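Below is one structure, written out as structure tokens, with a few remarks after it.
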Amino acid sequence: MDLSQSMQFKINFVILTVCIIVAGFVFSIWYPIEQRRIETHYEHIRSLLQTAFSQKREELANEIFIGQRDAAGVSIYEITRISGISSVRLYDSRGQLITSIGNPFPLELPTNDLEFLLEKPDWRVIETEDPKASIARYAAAVESLGERVGFIHIEYNLSELMQEKQKAIGLMLALLIGLVAIVAVLMNFLLSRWILNPLMAFIEAIQGIRLDTLNQRISIESRDEIGKLAAAFNDMLARLDLERHRTGIAVDARDDALSKLQQAYGELASINEQLERRVEKRTQDLLTANDRLNAEIAEKEKALQTIEELNERLIRSKKMETLGLLAGGVAHDLNNVLSGIVTYPELLLMDETLSPSVRKSVEVIQRSGQKAAAIVQDLLTLARRGVVNSRPVRINDIVAEYLASPEHEKLLAFHPHTVVDYRPADGLANVMGSAIHLKKTVMNLVSNAAEAMPEGGMIGIRTYSQRLETPYPGYELVPEGDYVVLEVSDSGIGISKNDLSRIFEPFYTKKVMGRSGTGLGMAVVWGTMRDHHGYIDIRSKEGEGTTFLLYFPSTDVEASEHQDPVSQEVYQGKGERILVVDDIEEQREIAAALLNRLGYRVDTAASGEEALMRMTAQDFDLVILDMIMDPGIDGLETYRRMIALRPGQKAVIASGFAENHRVKEAQALGAGAYIRKPYSIEKIGMAVKQAIVG
């Protein structure tokens, strides 16, 4: 291999090595991005399959429970109509196949799969060598009324996604190979033209110079470094030629030629140093561009994490809203059932002829009904239907009132080694809310802290003011503003990450049921904070304890003083005629019994239509009107027709739900106070008296 071929080989080797390194570097950056894009698709598919199952969960559970196999087949067919879903299999509680669409295998689920699905849903991505056979599978248990009645497998065809992935990789490799080839050829051409060819010409010229040919010159006319070197070398040849003729005259001329030759070599070294500095600068530019690219990738990853956190908060909020709607419906029906249990004992206890044993039994019934009503109140709070009137209250007073209550004394009796450290801040602003619900919130948080410390410990309660200049990303995103903060902390067992995401779900508890409560405590805290437009933050670490921080928007409105109970003489009737309108017979009877006891004359009607018929034949001083009546017209429509029939007709609104926009609309038409069921004699008596007196 001659010198020209050797230099050409080395240059080509260096060019190829650099291109391969650059191509590998580009591919190493692109491939993780592509992988994250595929994983994002997987997450979207998982969310799609989970949503499809959630929409059909109750329907499938009922169809499995009652054995409607054909109906179940129709339900899973509707799931397969979603684009991309290739097959759906439905199994009974023993893992036997009930029905399927698409791939029917396996016909029976293994025992270990059943045990795993009993704990949590299963999500898998199964990639095969054949892209068309790749699938994503979502499997979960199907529950009905808290009992698992079967299992479901939903498979999503990943063939398009896998083919797209392979095409992307193939395209990227092709682009890189083509780019490497183009760059290599271009660099080879440029280096050959600018460096190799002139250098070979320079070398050939040097090799052809002999003592008798010093008059020859190198024919390189470029103005770059090699051209300058050639010019310098030509100049050297000229001087050597001159010195050849003067050798016999002056030996010193040789030294001068050598000095000039050394100068030419110095210029060459300087040129080489300049080239090294340029290469170093270019390398630094590439490193800076790489750092900028890494920063952009990190920023995008952070944005993706923020989106995932916001999505998790939205899912959690939607779940609690759905559970609240269910709880609200149950609470409304229970309120109607509890009316007799709460109200009739009150009427019986007003009878002074009752024997002590009977009175004691009636008091037990009354207390049981009041406890049941308290549970219903928790359900209404969960349903966000519990806060009727919002007033300015002092958080410090709420906490102090609870710490002095019998409920707190009972809690300390169950946990004798637990100590409460209460540190209220002075000069706190008031908050708008319901004192009853806020006290219940404090009670639930303190009870939760005590249960987290089986061996006892310290429960810390603090209140303080805090202004947020920017939104605070805690358990919830707390907007900027002025807040009164209630902090309850313990040194207990802490909360795991999995439990933390479900801690506010109703009946999701690890406490001792019966002694620790109904399983609604933390759900009531969540509902109360929603009603009070507040926010929750939780700081917990397993084995080190938990701190709950409740952020209440502060207000400048002053709190009103506590009012004493009203004497019955104040709301005693004088024979006024009252019409009670309610679609439930027991509610009519209860209201009539209370009002008769207070000295009123009472008529009843089972519907709005019947009430209007009675009003055409009889005048009434007041109408007590239920807002929700079915079938027939509801309370609002009934009142509209009443005032059209008898303008100025006085009315009181009653309901098992909290005050809503239809109640406010009826009051805007002229109706009086709103009272919530179950009735008490003082509550219904004061409302009726105020409406009649005006």
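At-a-glance table
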item	result
Orientation-averaged projected area, Cα convex hull of segment 3-164 (nm²)	12.6 nm²
Rg(Cα) / (2.2 N^0.38 Å) computed for segment 387-555, rounded to two decimals	0.98
Residue order, fewest to most beta carbons within 10 Å, for Phe65, Phe25	Phe25, Phe65
Proxy reagent accessibility, fewest Cβ within 10 Å first, across Thr441, Thr638, Thr247	Thr247, Thr638, Thr441
Segment 607-654 versus segment 24-78: alpha-carbon centroid distance in Å	52 Å
Sites Ile209 and Trp123, calculated FRET efficiency, Cβ-Cβ separation with R0 56 Å, nearest 0.05	0.10
For segment 638-655, 3J(HN,Hα) per residue [Karplus equation, 6.51 cos²θ - 1.76 cosθ + 1.60, θ = phi - 60°, Hz, x = Gly/Pro]	4, 5, 4, 6, 5, 6, 6, 6, 10, x, x, 4, 7, 8, 10, 9, 10, 6
Footprinting exposure proxy for Asp70, Asp235 (fewest neighbouring C-beta atoms within 10 Å first)	Asp70, Asp235
Met172-Arg539 pseudo-label distance in nm [points 7 Å out on the Cα-to-Cβ vector]	4.2 nm
Simple label model, 7 Å out from Cα along Cβ direction - Ser6 to Asp256, nm	3.7 nm
Protection-proxy order for peptides 147-154, 289-296, 495-502, each taking the mean of Cβ atoms within 10 Å per residue, highest first	147-154, 495-502, 289-296
Thr547-Ile195 FRET efficiency (beta carbon distance; Förster radius 51 Å; 0.05 resolution)	0.15
Cut-off 13 Å between beta-carbons: net charge of the residues surrounding Ser75, Lys and Arg +1, Asp and Glu -1	0
Sequence-distant residues sharing a close amide H with Ile98 (under 5 Å, placed H)	Leu90, Tyr91, Asp92
Estimated distance in nm for a label pair at Leu412 and Leu293, the labels positioned 7 Å out from Cα along Cα-to-Cβ	6.7 nm
Extension reserve of the Asn272-Glu59 stretch, reckoned as 0.36 nm per residue once the Cα distance is removed	68.6 nm
J(HN,Hα) series, segment 686-694, from Karplus relation 6.51 cos²θ - 1.76 cosθ + 1.60, nearest Hz, glycine and proline x	5, 5, 5, 4, 5, 5, 6, 5, x
Residues of segment 649-693 with amide N under 19 Å of a point placed 7 Å along Cα→Cβ from Gln572	681-693
FRET efficiency estimate (nearest 0.05) - Cβ-Cβ, Lys302 to Phe27, R0 35 angstrom	0.90
Karplus (6.51, -1.76, 1.60) ³J(HN,Hα), θ = phi - 60°, over segment 594-599, in Hz, Gly and Pro reported as x	5, 5, 4, 4, 8, x
Cα gyration tensor category, rounded, prolate or oblate, for segment 539-660 with a/c compared to 1.5	prolate
Cross-link pairs Lys56/Lys120; Lys440/Lys689; Lys439/Lys683 - those with Cα-Cα distance over 25 Å	Lys440/Lys689
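A short reminder: the numbers here are calculations on the coordinates, not readings from a lab. The shown structure was predicted, so the numbers you read here are calculated from the model rather than taken from an experiment. Methodologically, a virtual Cβ is constructed for each residue, glycine included, from the backbone with ideal geometry; neighbour enumeration extends over all protein chains shown.
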